[in-house]
Amino acid sequence: MTSAAREGEQVTIMLPRINIMGALGVAVVGLIVLAAVLAPALAPYAPAKIVGTPFEAPGRFLLGTDVVGRDLLSRLLYGAQFTLLVTFAATTIGFVLGTAWGFAAAELGGILDDITDFTVNILLSFPPLMLGLLIVAALSSSLTVLIAIIAFIQLPRVVRVARSIAQTITALQFVEAARARGHGLVAILVAEILPNSWRALGVEYGLRLTYSTLFISALSFLGLGIQPPDADWGLLVRENLASLQEDVYLPALLPAVAIGIFGIALNLIVDWLSDEESLAIPEDLR
Amino acid sequence: MSNLSHVVLRRAFFGVLTLFATSLLVFAATEILPGDVATAILGQTATPEMIAAIRERLGLELPLAQRYIQWLGGFVTGHMGNSLATGADVATVIAPRLWNTLGLAVYAAVVAIPLSVCLGVLCAAWHRSAFDRMLSSVSVFLVSVPEFVIAVILVVILAVELKLFPSVVVRPNWQNPLSFMWQLFLPMMTIVFTMLAHLIRMTRATLLEVLASPYAEMALLKGASKWRILFRHALPNAVGPVLSVIALNIGYLISGVAVIEVVFSYPGLGKLMVDSIFYRDLPLIQATAMIFCAAYVLCNTLADVSAVVLNPRIGRAA
């Protein structure tokens with residue numbers, strides 16, 4: 001058996017055959033990312049500018065106005081920036097740290113592995129939203145703190161998965177061979193384990209993205225996430241919740257639906273990526 | 001000691017350890033809350049002498065470890081201090097809120113559990129049918145959408161458009177069960193939808209696993225009907241895993257219930273915690289956070305223990 005990814009060798013990344021739902025997921029996530037990036041060009045008004053009367057029906061403004069008369073479309077577009085920024089930044093940070101930790105624990109074993117197992121189990125025993133609320137209460141709701149909190153909450157979940165993925169690989173012969181060749185920890189993790197686990201990790205990354213979106217939306221919805229006058233989609237739902245009492249529902253419904261569509265699209269991509277069995281080990285090594 | 005009780009004891013010990021860690025975390029988080037507790041009580045206009053006096057009275061001059069032990073001791077014996085905002089005894093503030101949350105949770109569980117087990121049985125019986133496929137795609141949608149989004153959609157359809165149910169529940173009517181159920185219909189449905197997907201999926205998977213086993217095949221060869229095998233053989237074997245998922249879901253629900261209570265302005269424990277964070281009402285934050293974390297730990301422990309105890313294979317091996 002040869003190393004699937006010897007140093008210098010090109011790693012070919014094979015995706016499962018694309019299906020309709022997967023393509024739909026990719027397209028929707030792509031469009032939302034595009035809308036967020038192009039928000040300054042697309043938005044007709046500044047997001048914090050009051051341009052009309054509260055809860056105007058669509059007409060003069062494409063989607064109507066929000067609770068104080070700001071353009072809803074502009075707020076939604078800029079809201080996407082915050083939701084996406086926190087989602088991607090927090091997930092990526094938590095994911096990179098968690099993967100490194102989980103891989104190292106699996107490769108080194110021994111006391112580090114035991115400590116990892118114990119720490120992860122303790123961290124996973126806190127109800128995540130309550131943990132988030134407590135930390136926000138203690139530290140404030142700045143953008144940096146929010147990203148750090150969500151990354152921290154993702155950490156033990158990623159460590160657990162990365163560790164179990166790596167455990168199936170560290171026992172394989174090519175890793176043994178690399179150890180015998182005298183390669184250091186970092187070289188083994190990066191050159192042997194990482195190339196052989198990217199797909200399982202990709203699936204996990206997708207799941208974590210969904211989770212981060214739900215999390216920041218919930219925090220903001222509770223008023224403890226992104227702070228006004230900025231707003232992500234979760235805060236937009238909160239701000240406009242009063243519209244439901246006045247029988248106008250677009251201002252509260254649209255950001256809620258946006259969160260839902262983004263979450264579903266991410267999950268469609270995850271389903272597509274995890275379409276085949278035995279993710280940890282590539283075909284030729286089974 | 002038998003294998004089984006060893007596993008259960010180990011899990012219970014870990015649960016207690018986690019509770020201890022929780023109390024440390026809650027205490028630490030509230031200790032570093034921005035702004036001094038004394039200033040929080042007296043407001044910005046307080047003179048240094050007043051602050052010194054109240055710090056003395058609250059015991060804030062004592063060493064950290066001693067305060068932690070006093071706080072934990074008070075918590076365990078039900079003396080959780082007084083609310084900073086109203087001065088009311090924390091236990092008295094919390095009790096009615098706790099009942100409201102429990103009432104909602106029980107209402108949701110009573111609807112969600114039988115419903116999802118029935119749907120799971122149907123999915124397993126009509127495996128790969130259009131019904132099965134439709135339910136599993138609905139499940140994908142439900143698990144990727146946050147609770148408050150489901151709540152808003154339900155409110156728009158059933159409260160704003162059809163005007164069937166109220167969209168806020170400020171004062172639950174405990175006197176009249178029917179009116180209580182009507183008031184809480186939308187929050188209950190929100191919880192049911194968030195739990196349904198996991199419960200159906202688990203019931204279905206467990207039943208299918210049993211149906212694929214040799215003894216189920218044997219029963220089929222003997223001429224037993226599919227339904228008889230499902231109810232006589234498969235369902236009793238599925239109780240353990242399904243109970244364990246139910247416990248996990250209740251744990252998850254505990255975390256999400258704050259959001260649902262805020263959507264419907266429902267005076268439950270979750271809304272109390274969120275409000276207390278806004279008002280920086282430390283004793284209330286500490287008490288509500290401890291209750292939520294303890295309940296979560298308890299549910300997770302029960303989930304693990306029930307999975308072990310009710311699994312016939314592990315039980316027999318012990």
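The values are calculated or read from the model by the stated rules, or taken from the named source; none is laboratory data. Note that the structure is a prediction, hence the values are computed from the model and not measured. Glycine also receives a Cβ, built like all others from the backbone with ideal geometry; neighbour counts cover every protein chain displayed.
Quick notes
- The one condition from (1) in contact with a Leu (Cβ under 8 Å, 6 or more places away or on another chain); (2) more than 12 Å from chain A (Cβ to nearest Cβ); (3) not acidic (Asp, Glu) that residue B:292 does not meet is (2).
- Residues that are outside any helix (DSSP H, G or I), modelled with pLDDT of 90 or more and surrounded by fewer than 22 Cβ atoms within 10 Å (Cβ to Cβ) do not occur anywhere in the stretch A:266-279.
- Within the stretch B:258-286, the set of residues being aromatic (Phe, Trp, Tyr), more than 10 Å from chain A (Cβ to nearest Cβ) and either under 23 Å from residue B:24 (Cα atoms) or touching a Gly at 6+ places or on another chain (Cβ under 9 Å) (or both) comprises B:279 only.
- Test result for residue B:130, within 21 Å of residue B:261 (Cβ to Cβ) and of a type in the set (Gly, Ala, Ser): no
- Of the criteria (1) away from every other protein chain (no Cβ under 14 Å); (2) in contact (Cβ under 8 Å) with a residue 12 or more places away in the chain; (3) hydrophobic (A, V, I, L, M, F, W, C), which one residue B:218 fails: (2)
- When the stretch A:121-148 is filtered for residues that are more than 27 Å from residue B:304 (Cβ to Cβ) and either modelled with pLDDT of 95 or more or hydrophobic (A, V, I, L, M, F, W, C) (or both), the ones remaining, listed by number, are A:136, A:137, A:138, A:139, A:143, A:145, A:146, A:147, A:148.
- Here residue A:118 qualifies as modelled with pLDDT under 90, closer than 30 Å to residue A:175 by Cα and assigned to a helix (DSSP H, G or I).
- Any hit, the stretch B:286-309, residues being in a loop (DSSP other than H, G, I, E, B) and hydrophobic (A, V, I, L, M, F, W, C): no
- The lone criterion from (1) under 27 Å from the mean Cα position of the chain (by Cα); (2) within 8 Å of chain A (Cβ to nearest Cβ) left unmet by residue B:136 is number (2).
- Taken over the stretch B:143-171, the residue count meeting the criterion of being touching a Phe, Trp or Tyr at 6+ places or on another chain (Cβ under 6 Å) and either at the interface with chain A (Cβ under 10 Å from one of its Cβ atoms) or surrounded by fewer than 20 Cβ atoms within 10 Å (Cβ to Cβ) (or both) is 8.
- Note on the stretch B:101-113: residues that are surrounded by fewer than 15 Cβ atoms within 10 Å (Cβ to Cβ) and either farther than 19 Å from residue B:258 by Cβ or acidic (Asp, Glu) (or both) total 1.
- Positions within the stretch B:231-249 being surrounded by fewer than 24 Cβ atoms within 10 Å (Cβ to Cβ) and within 13 Å of chain A (Cβ to nearest Cβ), in sequence order: B:248
- Look at (1) at pLDDT 90 or above; (2) facing chain B (nearest Cβ under 9 Å) and you find that residue A:244 fails only one, number (1).
- Looking only at residues of the stretch A:52-66 that are among the hydrophobic types (A, V, I, L, M, F, W, C) and either touching a Cys at 6+ places or on another chain (Cβ under 6 Å) or buried (at least 19 other Cβ atoms within 10 Å of the Cβ) (or both), we find that the one that is farthest from residue A:240 (Cα to Cα) is A:61.
- Residues of the stretch A:242-265 classified as touching a residue at least 40 places away in the same chain (Cβ under 8 Å) and part of a loop (DSSP other than H, G, I, E, B), total: 1
- Condition check for residue A:118: under 30 Å from residue A:167 (Cβ atoms) and either of a type in the set (D, E, K, R) or touching a helix residue (DSSP H, G or I) at 6+ places or on another chain (Cβ under 8 Å) (or both): no
- Inspection of the stretch B:217-226 identifies at least one residue that is among the hydroxyl-bearing types (Ser, Thr, Tyr) and surrounded by fewer than 22 Cβ atoms within 10 Å (Cβ to Cβ).
- The residues in the stretch A:192-239 that are among the hydroxyl-bearing types (Ser, Thr, Tyr), more than 15 Å from the chain's Cα centre (by Cα) and more than 14 Å from chain B (Cβ to nearest Cβ) can be counted, and the count is 1.
- Per-region count, the stretch A:225-241, residues buried (at least 21 other Cβ atoms within 10 Å of the Cβ) and either modelled with pLDDT under 90 or not in a helix (DSSP H, G or I) (or both): 6
- One residue from A:174, A:215 being over 30 Å from residue B:138 (Cβ atoms) and not small (Gly, Ala, Ser): A:174
- Counting only residues that are surrounded by fewer than 17 Cβ atoms within 10 Å (Cβ to Cβ) and either of a type outside the set (Val, Ile, Thr) or away from chain B (no Cβ under 11 Å) (or both), the stretch A:115-140 holds 6 of them.
- Any hit, the stretch A:201-214, residues being closer than 22 Å to residue B:253 by Cα and basic (Lys, Arg): yes
- Cβ pairs under 8 Å, 6+ apart, first in the stretch B:75-100 and surrounded by fewer than 12 Cβ atoms within 10 Å (Cβ to Cβ), second of a type in the set (Gly, Ala, Ser): B:78/B:91
- Residue within the stretch A:182-191 that is modelled with pLDDT of 90 or more and away from chain B (no Cβ under 13 Å) present: no
- Checked against the criterion of being touching an Asp or Glu at 6+ places or on another chain (Cβ under 8 Å), in a helix (DSSP H, G or I) and more than 17 Å from residue B:147 (Cα to Cα), the candidates A:200, A:191 yield just one match: A:191.
- Identification of helices (runs of 4 or more DSSP H) wholly contained in the stretch B:139-232 with 1 or more residues that are of a type in the set (S, T, N, Q) yields B:177-183, B:185-211.
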